[in-house]
1. Distance in nm between label sites at LEU51 and GLN134, each 7 Å beyond Cα in the beta-carbon direction?
2. Hey, what's the Kirkwood Rh for region 1-111 if you take every pair of different alpha carbons, in angstrom?
3. Can you give me the Cα centroid spacing of region 168-182 and region 21-65 in angstrom?
4. For a quick protection proxy, order the peptides 62-71, 79-88, 49-58 by their average other-Cβ count within 10 Å, most packed first.
5. Return the carbon/sulfur percentage of the accessible area of region 2-151, one whole number, probe 1.4 Å, all protein chains in place.
6. Sorted from largest to smallest, which semi-axis lengths in Å does the alpha carbon gyration tensor of region 51-117 give for its equivalent ellipsoid, taking the root of 5 times each eigenvalue?
7. What is the spin-label model distance, in nm, from LYS150 to GLN64 if the labels are put 7 Å beyond Cα along the C-beta direction?
Amino acid sequence: MRTVNARHAAVCWLNAFLASGSDDTRPMLYRTLSVEFFDAGVQFIGCDGTLLFRTFVAVDGKAQMPLLEEAPDRAVVVMDTDRFALAFMRTLLSAATEELPVDLAIAIEAADESTASLGEVFAAERLTLRAIGQELHCKLYDSPFPDWRKLKFGLDKIEVVEAMTHAPRMFATVGKLRGMTAVDCEFHGATKQ
């Protein structure tokens, strides 16, 4: 379990979710987030196959985003097909202010015993979000998230992008990010997209 600033966590969750997939024929990416637990905080990764956003909320409010090569202590893929977690985070963002700091507890938990009797699918682990007296249990996808850390696209790290092409929808999605003062972009592929 990690306890983090609820407002910062909500912004991170909402920003990462902007990149989650909308194609229900790709269930691994369809309205999912990879949630990675580190000692210093929690990282959220959203990806639709063409766009990947990763955000980080620190436990102490100061720690930096983990390096790409840093492996998390634990990672799960949260399914939010009905957007309940998205609504929870939006509500949390409006309820928690900078003047009134609120904590959010994020934990991976086993389903309680009462649901275990309903079958194996209900006995699995879940991600639990707790804040302001509210609790939400998020269903987990039973497969690992694509290994985005190993994506190389046939390029060496030292290659420099000389030109790039953007799809207008990518700019529209980046424009929806909250609380950002800058965005770091990496462009890969033969067309530098």
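The values are calculated or read from the model by the stated rules, or taken from the named source; none is laboratory data. On a predicted model such as this, the values are computed, not experimentally measured, just so you know. Please note: Cβ atoms are built from the backbone with ideal geometry, for glycine as well, and neighbour counts cover all protein chains shown. Side chains are part of the model used for accessible areas, which takes the heavy atoms of the whole protein and leaves out ligands, DNA and RNA. Shrake-Rupley method; radii C 1.70, N 1.55, O 1.52, S 1.80 Å.
1. 2.5 nm
2. Kirkwood hydrodynamic radius for region 1-111: 14.2 Å.
3. Comparing the Cα centres of region 168-182 and region 21-65, I get a distance of 16 Å.
4. Result, highest mean first: 49-58, 79-88, 62-71.
5. Percent of accessible area from carbon and sulfur atoms in region 2-151: 53.
6. Taking √(5λ) for each Cα gyration eigenvalue gives 24, 20, 15 Å.
7. In this crude spin-label approximation the distance works out to 2.7 nm.
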